[in-house]
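The values are calculated or read from the model by the stated rules, or taken from the named source; none is laboratory data. Bear in mind that the values here come from a model prediction, so they are computed numbers and not experimental data. FYI the Cβ positions are ideal-geometry reconstructions off the backbone, even for glycines, and counts take in every protein chain you see.
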Amino acid sequence: MAGSNPRSTAQIAGHPFHPMLVPFPIVCFVGTLVTDIAYWCTANMTWAVMSVWLLTAGLIIALFAVIAGFIDFLGDRRIRNLRAVWIHAIGNAIALILSIINVFVHSRDGYTSVVPTGIILSAVVVLILLVTGWQGWAMVYRHRVGVREQTP
Amino acid sequence: MTPRIFLCAMAALALTACGPDPINPKRQIGAHPFLPEIHEYLLPPMHVVTNVGWGGAMPKAAPGLQVKALATGLKNPRSLYVLPNGDILVAETDGPKEPVSRPKQFIFNWIEQQAHSSVKAGQRILLLRDTNGDGVADMQTVFLDHLHSPFGMVLVGNDFYVADTDSVLRFPYTQGQTQITAPGALLTELPGGPIDHHWTKSLTASPDGTKLYAGVGSNSNITENGIEAERGRAAVWEIDRATGAHRLYATGLRNPNGLTFEPESHALWVVVNERDELGPDLVPDYLTSVKDGAFYGWPYSYYGQHVDPRVMPQRPDLVAKAIPPDYALSSHVAPLGLVFYTGDNLPASYRGGAFVSEHGSWDRDTLNGYRVVFVPFQGGKPSGMPQDVLTGFVDGDHAHGRPVGVAVDSHGGLLVADDVGGTVWRVTAAGR
């Protein structure tokens, strides 16, 4: 029985995986910017070390979030027809590519592992996530992607 | 080429190949090496050779010289010391495992595994004796066991000193002894773990025997483990032999090894491994005399006032004091052994000059080092270009061995410890 809400394909008992996973990379990448700023202000290497671990952890969970999101994207044409989905997907792809570059920059030794290239990349990624996150929320709260049909 | 393969190739190129072209290493030899612009990579070039052992192969000695294995089948022989009666001591040693501080460390530990011998080191000192003088050791004993990454060795009178990675120990020794069972007495603690990035502590004694000098390498490439981790490091320590009290004799030497007094000027000389990840031709490793109280730049600058932007906060006051080293050996050759030749077996042109072992590079595309070179000296100063003495350690992408410690034996032969090859090589004049 096809309802009117776009359906999530990667889900368990009606709970889509993608929204469960995305908070991890988002928090990690925002955290990276915070610890980068802390390093920039203090020159204490501990903050830079935290940044590179946050980036790495964020990228690993992001990989699973991408897989779940992509399955949903392929699984229902109504999802693909949403404009918000395309902004969300392309924006996040750019954020991920920048974060991969950023993890290499952060793997340098000393000050230039963060300042200036690393911290700029971290900030750009957070700005992109604000836009793509907004689109993600629109998909769920406005377009009801993965939301259960109301029983009459 | 399909678009996908093309994209992958482009991505790989973008990560690795956007670097400067390597320069001829000959431009980075001597007192005034050419220093290119700093280039920080996204993914630094890594060229790790595969260890294949020697099989039937041999290293190649320079014309007029011949090479023979003094001892084979050793477990990571890294440093050598010749006792007055001609007995040869070999430290079978390896560094402590460095803790993983950043994700990058997983890759570095893997490189370390590839580049170094897979044989677990003995953590002991062996004694080799050639009783019939044929250039092959026919007696081998365990001289000292249960050490902690030993490297430096020196005998003063009846006191035998070992520099473990975290302390200098003193043992009683009488001439002809083949095994020491007496417990060692602690003379001085040295900076050791838990990080212990550069762990080899080279050791020598002043000509009058009152002081010991120990090389203490930095705890990082360029302070990425925090400046607090560098206390007492990247320095040559002067240790009072009677009391164990120490002071920093010279600082700013990233990883000083091969501490030796030059026979003519009686000045202390070392070879130093300089910093990585600034490009294939930065920063040249070097050979230098060590002046009392001098600062040689690390971490703030290199070759005098060339500031390293990776160190924060910077210290212009220290950079202003930094002095350039005497003699560059070109980049990433990893010199670990140094000995001045005072014997009379080798041709006269070698007398008074220095033999330097170059363990070999891993962080540049074109390999550099993997050989023993001779640097001629005149009036206590280097007086010409280095000459190859022992080569053939690498063959394309395969390493047969890697030279580390060097020493001159009681018959004037040059000894070379080869950690990967598990061998001590002996170089003599051809036909002698």
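Within the range B:261-287, the set of residues being farther than 19 Å from B:Pro324 by Cα and not in a loop (DSSP other than H, G, I, E, B) comprises just one member, B:Phe261.
Looking at the range B:296-305, can you tell me whether even one residue there is hydrophobic (A, V, I, L, M, F, W, C) and touching a strand residue (DSSP E or B) at 6+ places or on another chain (Cβ under 6 Å)? Taking every residue of the range B:296-305 in turn, none turns out to be hydrophobic (A, V, I, L, M, F, W, C) and touching a strand residue (DSSP E or B) at 6+ places or on another chain (Cβ under 6 Å). When the residues of the range B:144-170 are filtered to those that are without any contact (Cβ under 8 Å) to a residue 60 or more places away in the chain and over 19 Å from B:Gly122 (Cα atoms), the one that is surrounded by the most Cβ atoms within 10 Å (Cβ to Cβ) is B:Phe160. The residue list A:Ala95, A:Ala57 contains one member that is away from chain B (no Cβ under 14 Å) and surrounded by 17 or more Cβ atoms within 10 Å (Cβ to Cβ), which is A:Ala95.
Conditions tested, residue by residue: (1) among the acidic types (Asp, Glu); (2) under 19 Å from the mean Cα position of the chain (by Cα).
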residue	(1), (2)
B:Glu228	yes, no
B:Arg231	no, no
B:Asp276	yes, yes
B:Leu282	no, yes
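When the residues of the range B:51-87 are filtered to those that are under 20 Å from the mean Cα position of the chain (by Cα) and assigned to a strand (DSSP E or B), the one that is farthest from A:Asn102 (Cα to Cα) is B:Val82. Applying a threshold of 6 Å to beta carbon distances and a minimum spacing of six or more residues, or different chains, the list of pairs starting in the range A:100-129 at a residue that is within 21 Å of B:Val311 (Cα to Cα) and more than 11 Å from chain B (Cβ to nearest Cβ) and ending at one that is at pLDDT below 95 and in a helix (DSSP H, G or I) is empty. Of everything in the range B:228-259 that is aliphatic (A, V, I, L, M), closer than 16 Å to B:Gly192 by Cα and touching a residue at least 40 places away in the same chain (Cβ under 8 Å), the residue that is surrounded by the fewest Cβ atoms within 10 Å (Cβ to Cβ) is B:Val236. Flag set for B:Gly384, criterion: modelled with pLDDT of 95 or more, in a loop (DSSP other than H, G, I, E, B) and either within 11 Å of B:Gly353 (Cα to Cα) or of a type outside the set (Val, Ile, Thr) (or both). Of all the listed residues (B:Val100, B:Val119), the sole one being over 30 Å from A:Met50 (Cα atoms) and β-branched (Val, Ile, Thr) is B:Val119.
Here the range A:35-54 is the region considered, the condition is being of a type in the set (Val, Ile, Thr) and either in contact with a strand residue (DSSP E or B) (Cβ under 6 Å, 6 or more places away or on another chain) or within 9 Å of chain B (Cβ to nearest Cβ) (or both), and the residue that is surrounded by the most Cβ atoms within 10 Å (Cβ to Cβ) is A:Val52. Residues in the range B:226-249 that are closer than 30 Å to A:Thr46 by Cβ and assigned to a strand (DSSP E or B): B:Ala235, B:Val236, B:Trp237, B:His246, B:Leu248. Taking each residue of the range B:110-132 that is exposed (fewer than 15 other Cβ atoms within 10 Å of the Cβ) and at pLDDT 90 or above and looking for partners that are part of a loop (DSSP other than H, G, I, E, B) and of a type in the set (D, E, K, R) with beta-carbon atoms closer than 8 Å, six or more apart or interchain, yields B:Thr131/B:Asp138; B:Asn132/B:Asp138.
Filtered by the rule that a residue be farther than 13 Å from B:Ile195 by Cβ and more than 14 Å from chain A (Cβ to nearest Cβ), the range B:90-108 gives B:Val90, B:Ala91, B:Glu92, B:Thr93, B:Asp94.
Residues of the range B:165-212 that are of a type in the set (D, E, K, R), assigned to a loop (DSSP other than H, G, I, E, B) and under 13 Å from B:Leu155 (Cα atoms): B:Asp208 alone. For A:Ile90, the conditions (1) of a type in the set (A, V, I, L, M); (2) more than 14 Å from chain B (Cβ to nearest Cβ); (3) closer than 22 Å to A:Val30 by Cα; (4) touching a residue at least 12 places away in the same chain (Cβ under 8 Å) are fulfilled apart from (4). Restricting attention to the range B:291-301, the residues being buried (at least 24 other Cβ atoms within 10 Å of the Cβ) and under 24 Å from B:Phe377 (Cα atoms) number 1.
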